[in-house]
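Take a look at the structure below.
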Amino acid sequence: MVLRTSIRFAYLKDIFQDSPRRTSVFNANIGRLIVLYEDLRIEIASFQATSIKDADCINEGSYRKRYFLRRSIATLIEFSDAFSQFSHDEHIDSVTVAFDKKGKYLWSDTVALFKKHSQLLKNVRNDLGGHFGTKAAIYAIESLTPKITGQLASVRDYSPEGILYLPLFVGEITARSFLRHLEGDSIDERYRKLLKIVQELQLGAIQSVQNLLQYYLWPKFNGP
């Protein structure tokens, strides 16, 4: 399949300029959504990738997937805040008015979805902190049952001190760290439930910003 790329130009100051109708915070949130969109796109691609060679030393990529799931939850928290600010901004209609009918519905549905799950996202984020917090670690360790096994590997290269130790059991710990605030009869059930919520939010966020780029920003990029 041959892809065709069209590129338009504009002075960014003109795109994000203040006006009597829009505040600097409003314009900043437009820019914020675009940065978060690109962060989330990379996190989703890295989560979905079959293999990232240098990152998949442990559990054939499962740990890498959970890492990017954790990072995407942090990004979704930022999306939630941005959408919440827009929902209280009287000028958002001047942006969404350009959307088609499906895009307008998607935007309002996405705002509602983030509002519904915002507390769950915050609870999970607070456990994980920047990366992996104490509360999440306590829950993960205390939820281990006596028969769960783990593996620790040593990989030796050709140098005398060239030994790398790989904690192959780390996925068993991180898999549990997401789940303290979810209901379910098993770890797998709660993990699937969280993944479903995250994927719904990811899809809503990505598609909403796509509409923002297509209907609001693309017409503004018409050449300096």
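The values are calculated or read from the model by the stated rules, or taken from the named source; none is laboratory data. Everything numeric in this text was worked out from a predicted model, so none of it was measured. Don't worry about glycine lacking a Cβ; one is built from the backbone with ideal geometry, like all the others, and counts go over all protein chains shown. Accessible surface is based on the protein model in full, side chains and every heavy atom, while ligands, DNA and RNA are left aside. Shrake-Rupley method; radii C 1.70, N 1.55, O 1.52, S 1.80 Å.
Structure values in brief
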item: Residue check, ASN211 loosely packed, with under 15 Cβ neighbours inside 10 Å, at pLDDT 80 or above and polar (S, T, N, Q); result: no
item: Among residues of the stretch 90-123, those that are farther than 24 Å from VAL198 by Cβ and hydroxyl-bearing (Ser, Thr, Tyr), counted; result: 2
item: Residue match in the stretch 168-178 (condition: touching a strand residue (DSSP E or B) at 6+ places or on another chain (Cβ under 7 Å) and open to solvent by less than 70 Å² (accessible area, probe 1.4 Å)); result: yes
item: Options ARG180, ARG176, ARG192: the member that is of a type in the set (Lys, Arg) and modelled with pLDDT of 75 or more; result: ARG192
item: Members of the stretch 144-161 found to be open to solvent by less than 80 Å² (accessible area, probe 1.4 Å) and modelled with pLDDT of 75 or more, listed by number; result: LEU144, THR145, ILE148, GLY150, VAL155
item: Unmet requirement for ASP93, which otherwise passes all of (1) closer than 30 Å to ALA153 by Cα; (2) open to solvent by 60 Å² or more (accessible area, probe 1.4 Å); (3) out of contact with any helix residue (DSSP H, G or I) (no Cβ under 8 Å at 6 or more places or on another chain); result: (1)
item: Which listed residue, of ARG70, ARG64, ARG125, is charged (D, E, K, R) and either open to solvent by 30 Å² or more (accessible area, probe 1.4 Å) or at pLDDT 90 or above (or both); result: ARG125
item: Matching residues in the stretch 103-118 - criterion: being under 14 Å from LEU212 (Cβ atoms) and open to solvent by 50 Å² or more (accessible area, probe 1.4 Å); result: LYS104, SER108
item: Residue check, ALA112 modelled with pLDDT of 85 or more, part of a loop (DSSP other than H, G, I, E, B) and farther than 18 Å from ARG66 by Cα; result: no
item: Long-range neighbours under 9 Å by Cβ, at least six apart or interchain, first residue among the hydrophobic types (A, V, I, L, M, F, W, C) within the stretch 71-97, second exposed (fewer than 15 other Cβ atoms within 10 Å of the Cβ) and at pLDDT 90 or above; result: PHE83/LYS115
item: Whichever residue in the stretch 73-90 is in contact with a Ser or Thr (Cβ under 8 Å, 6 or more places away or on another chain) and among the small types (Gly, Ala, Ser) and, among such residues, is most open to solvent (accessible area, probe 1.4 Å); result: SER84
